[in-house]
1. What are the residues in the range 40-97 that are under 31 Å from the mean Cα position of the chain (by Cα) and either on the phi > 0 side of the Ramachandran plot or basic (Lys, Arg) (or both), if any?
2. Residue under question is Leu63, and the condition is that it be without any contact (Cβ under 8 Å) to a residue 24 or more places away in the chain, assigned to a helix (DSSP H, G or I) and open to solvent by 90 Å² or more (accessible area, probe 1.4 Å); does it hold?
3. Let me confirm something: among Leu56, Leu18, Leu25, which residue is modelled with pLDDT under 85, surrounded by 10 or more Cβ atoms within 10 Å (Cβ to Cβ) and assigned to a helix (DSSP H, G or I)?
Amino acid sequence: MAEAYERERQNNARLEELSAKVSSLRGVTVDIYDNSRAQDVIDNTSDTFSSMSTQLKGSAGRLGRMAASGNKVAILKLSAILIGVFLVLYYILKWIF
């Protein structure tokens, strides 16, 4: 009879150890999942900036061709737009900060 109680006690102790290991593994699994989700966000952000860089290079190329063509009115309009955008951003940032 005492032997049965001893085995039951050993089984309970091992069950508690196993439960602790399972909890630990679950925590690791959740951490891995969170890390992979964060990595996915980083990858998407990288793809977005890469796409924006490509579009910006294309726009700069088109602006260079326009400037090389010598269309002075278009260059003047572009300069006015750039100065206007800069001033609007300056005043917005000045107002916010």
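The values are calculated or read from the model by the stated rules, or taken from the named source; none is laboratory data. Because the structure is predicted, anything quoted here is derived from the model rather than measured. Using ideal geometry, Cβ is built from the backbone for each residue, glycine included, and neighbour counts are taken over all protein chains shown. Just the protein is used for accessible areas: all its heavy atoms, side chains included, with ligands, DNA and RNA removed. Shrake-Rupley method; radii C 1.70, N 1.55, O 1.52, S 1.80 Å.
1. Lys57, Arg62, Lys94
2. It is false that Leu63 is without any contact (Cβ under 8 Å) to a residue 24 or more places away in the chain, assigned to a helix (DSSP H, G or I) and open to solvent by 90 Å² or more (accessible area, probe 1.4 Å).
3. Working: Leu18 fails: modelled with pLDDT under 85; Leu25 fails: modelled with pLDDT under 85.
The match here is Leu56.
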